[in-house]
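Student: Got a structure for you, written out below as structure tokens; questions coming shortly.
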Amino acid sequence: MANVLDLRRRIRSVKNTRQITKAMKMVSAAKLRRAQEHAMQARPYAQMLASVLDSVVRRSDLYNEETGEIMHPLLTERPEKNVLVLVIAGDKGFAGGFNANIGKAAQRFIQERLAMGQNVDLEPIGKKAIAFYKKNVPMAVYEHKEDRYDNDLARHIEEIRHRAAPVEIAAEHPTLLVKANISEIAALTDSIIARYGSAEIDSVYIVYNEFKSVISQRVVVEKLLPIRKLGSHEMTVMEEMTEEQKEAAGSAARKSGVALTLPEESAYEREAKLFGTANVDYIFDQSPDRIFRFLMPRYVTTQIFHAVLESIAAEHAARMTATDAATKNAEELIDRLSLTMNRARQAAITKEIIEIVSGAAAL
Amino acid sequence: MAEVGTNAGLLAVRLVTPDRVLLDATAEAVELPSMSGYLETLYGAAPLLAELGSGEVRLHGGSAGEQVFFVAWGCAEVLPERVTILAEVAMPLDEIDPEQVQAELRHGAELWEQAGDDPEKYDKANAVTRVAEAKLASVAHRNAEAGKR
């Protein structure tokens, strides 16, 4: 039987681990609350953008009279030959299956697309996603070409893509999740729209962990471009939470004081739905067409922003659940070890008593 | 005309950014930088939709008091009793960081340099520079105002 001293040392070490996982859980819970709040506060803007776009497009001349379709490059579908996939995972580990689940879902989606004979460009967002692909997927190669015109005043600049493999990394975004800054995401949108415009890519998808609440999350693939319907999310669910996971997440949330459901729609959100949609004859300072064209890229930006915010919340929720389970395991281990230690100590005491008693009897 | 409520004569003003609702207040008058120049709205104004230029939103009177925000990239809706401004960039003037503005100016110059013969890229570069210059103008204006006092 193990020695009491060894057991005591082990218990102390597991207690330290418990302390750490417990602290991590509290930190994740606090960060989760903040992330949830951020996601909530970002809703009115996204909603307003969708409402006003929907409203101006009805008043614009952008409709094709014959087919009734809206004429805008971001809404026009063409055969998908080259697909861009944004993969949002986390920046850190210790979050249970969070990063692995997203990696698996992305992999499945990529395989599906490859089987359909399409090329896939990847843009991993977050350090874990980058680490996942860096090892086995090559970076895309661009050739920078500059031609001077005869008059020597202007130049023609072109970035020519040389595709070497069916799956390549088009760009990496290691810092995007740190602050979830809209200007960084807007720059990403600009680059996506430029590539979409030049037909380097024909469609854009985003793989991320959708977060409705702590107990309602799923890994989804959302179609970003071309946009089929304004204001709606076109997504395929890759993985849902099991009942067991929901249970674990729910119990972790209850213990850390995180709400299980998100608050109801705020007054701002209700108002946001009406933005730009009043049934009046607006005076258009600029034409509806122009406002529509101006706002379209911003709409794409908010879609990515939304995915990023949800993914951040989901990551913290996953870490909270994982560290809660770790704390629970540590507690069980401590209980078990304490029992063994007490037994060992008792055995030693009993042995000593027997020795004393038999010693006394021998006299 | 709008219904006469408790806020009769006052405009409900909202300034919404991608991050949050930055301002929710009432005001007697609101000045907005539209793409075609500044416009000032009062209670009962005709409904209007405008693309925002870069510049200052100024609020006068009401619960907002005198407040100034820098805004860029967005659009605004004016209804008789409310003004809603949607802006990708919106901040109180104090929060404009001159160093960051210089970086934005450099970024604009870089974009211009790399535009080649693509008119759209020139437009983009110009827009970036315009926003940065408008920020500088706002800061200069604020400093001048502070100097007067």
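Read the figures in this text as sums done on the coordinates, not as results from a lab. Just so it is clear, the structure is predicted and the values come from calculations on it, not from any experiment. Here the Cβ positions follow ideal geometry from the backbone for every residue, glycine too, while neighbour counts run over all protein chains shown.
Student: Other chains near A:286-298: what is the mean number of their Cβ atoms within 10 Å of each residue's Cβ?
Tutor: That average works out to 3.
Student: Return the long-range amide H neighbours of B:Arg82 (sequence gap of 5 or more, or a different chain), with a cut-off of under 5 Å between placed amide H atoms.
Tutor: B:Ala12
Student: For chain A, what proportion of DSSP beta bridges, expressed in % and rounded to the nearest 5, is antiparallel?
Tutor: Here the share of antiparallel DSSP bridges comes out near 60 percent.
Student: Same structure again: Given an 8 Å cut-off on Cα distances and at least 6 residues of separation, report the relative contact order of chain A as a percent.
Tutor: Dividing the mean separation by the residue count of chain A yields 31 percent.
Student: Okay, moving on. Work out the mean other chain Cβ neighbour count within 10 Å for the residues of A:261-271 and drop it here as an integer.
Tutor: Counting Cβ atoms of other protein chains within 10 Å of each residue's Cβ and averaging gives 1.
Student: Would you mind calculating the gained length between A:Arg336 and A:Leu153 on full extension (0.36 nm times residue separation, minus the Cα-Cα distance), in nm to one decimal?
Tutor: 57.8 nm
Student: While we're here: Loop by DSSP (not H, G, I, E, B), at most 11 other beta-carbon atoms within 10 Å: where is the longest site-free stretch of chain A for GluC sites (Glu not before Pro)?
Tutor: Details: sites that count: A:Glu65, A:Glu66, A:Glu264.
Answer - A:67-263.
Student: Please report, in debye to the nearest 20, how large the charge dipole of chain B is about its Cα centre when each Lys and Arg carries +1 at its beta carbon and each Asp and Glu carries -1 there.
Tutor: Here chain B has a charge dipole of around 380 debye.
Student: Using the count of nearby Cβ atoms within 10 Å as a rough guide to exposure, how do A:Thr277, A:Thr261 rank from fewest to most?
Tutor: A:Thr261, A:Thr277
Student: Give the order of B:Asp24, A:Asp61 when sorted by the count of other beta carbons within 10 angstrom, beginning with the fewest.
Tutor: Least crowded to most crowded, the residues run A:Asp61, B:Asp24.
Student: Could you work out [θ]222 nm for chain A from helices alone, using -39500 (n - 2.57) per DSSP H run of at least four and dividing by all its residues? Round to the nearest 500 deg cm²/dmol.
Tutor: Mean residue ellipticity at 222 nm (helix-derived): -19000 deg cm²/dmol.
Student: Among the complete DSSP H segments of chain A, which ones combine at least 30 Å of alpha-carbon extent along their axis with a mean Kyte-Doolittle hydropathy of 0.0 or more?
Tutor: Passing helices, by number: A:288-362.
Student: In what order do B:Thr41, A:Thr340 fall by count of nearby beta-carbon atoms within 10 Å, going from fewest to most? Please report the intermediate quantities before stating the final value.
Tutor: Values: B:Thr41 21, A:Thr340 16.
So the residues, fewest neighbours to most, are A:Thr340, B:Thr41.
Student: Suppose the chain between A:Gln111 and A:Arg270 were pulled fully straight at 0.36 nm per residue; how much longer would it get relative to their current alpha carbon spacing? Kindly include the intermediate steps, with their values, before the conclusion.
Tutor: On the way: separation 159, 0.36 × 159 = 57.24 nm, distance 4.09 nm.
Using 0.36 nm per residue and subtracting the Cα-Cα distance, I get 53.2 nm.
Student: Under a point spin-label approximation (7 Å from Cα along Cα-to-Cβ), what is the A:Asp190-A:Ala131 distance to one decimal in nm?
Tutor: 3.1 nm
Student: Let me ask you something else. Tell me, what is the FRET efficiency for B:Ala46 and A:Ser287 to the nearest 0.05, using R0 = 25 angstrom and their Cβ-Cβ distance as r? Let's see the in-between values first.
Tutor: Details: r = 17 Å, r/R0 = 0.69.
Computed FRET efficiency for B:Ala46 and A:Ser287: 0.90.
Student: Take the alpha carbon gyration tensor of the stretch A:39-103, find the square roots of its eigenvalues, order them as a ≥ b ≥ c, and report rounded if a/c is under 1.5; if not, report prolate when a/b exceeds b/c, else oblate. Don't skip to the end; give the middle numbers.
Tutor: Working: a/c = 5.24, a/b = 1.74, b/c = 3.02.
Oblate is the answer for the stretch A:39-103, as a/c is 1.5 or above yet b/c matches or exceeds a/b.
Student: How big is the gap, in Å, between the Cα center of the stretch B:124-139 and the Cα center of the stretch A:221-265?
Tutor: Using only Cα atoms, the two centres lie 39 Å from each other.
Student: Run through the stretch A:126-158 and list the trypsin sites (Lys or Arg not before Pro) located in a DSSP loop whose Cβ has at most 12 other Cβ atoms within 10 Å.
Tutor: Numbers: sites: A:Lys127, A:Lys128, A:Lys134, A:Lys135, A:Lys145, A:Arg148, A:Arg155; in loops: A:Lys135.
Here the trypsin sites (Lys or Arg not before Pro) that fit, given the DSSP loop and packing criteria, are A:Lys135.
Student: Compute the FRET efficiency between B:Ala144 and A:Glu240 as 1/(1 + (r/R0)^6), taking r as their Cβ-Cβ distance and R0 = 56 Å, and round to the nearest 0.05.
Tutor: 0.40
Student: Moving on to the next point. Given +1 on the Cβ of Lys and Arg, -1 on the Cβ of Asp and Glu, and no further charges, what dipole in debye does chain A carry about its Cα centre, rounded to the nearest 20?
Tutor: 2380 debye
Student: Then there is this: Take peptide A:190-196, look around each residue's Cβ out to 10 angstrom, count Cβ atoms belonging to other protein chains, and average those counts.
Tutor: 1
Student: May I pose another question? Trypsin sites (Lys or Arg not before Pro) within the stretch A:224-256: which are DSSP loop residues with at most 13 other Cβ atoms inside 10 Å?
Tutor: Loop-located and lightly packed - A:Arg228, A:Lys229.
Student: Rounded to the nearest 0.05, what FRET efficiency is calculated for A:His162 and B:Gln114 with R0 set to 25 Å and r the Cβ-Cβ distance? Write down the numbers at each step before the final one.
Tutor: Working: r = 20 Å, r/R0 = 0.80.
Efficiency at R0 = 25 Å is approximately 0.80.
Student: Collect residues whose amide H, placed 1.01 Å from N in the peptide plane, falls under 5 Å from the amide H of A:Leu224; neighbours closer than 5 in sequence don't count.
Tutor: A:Val204, A:Tyr205, A:Ile206
Student: Name the residue from A:Ser213, B:Ala146, A:Gln19 whose Cα lies farthest towards the positive end of the charge dipole of the protein assembly as shown, charges +1 on Cβ of Lys and Arg and -1 on Cβ of Asp and Glu.
Tutor: My answer, from the dipole projection, is A:Gln19.
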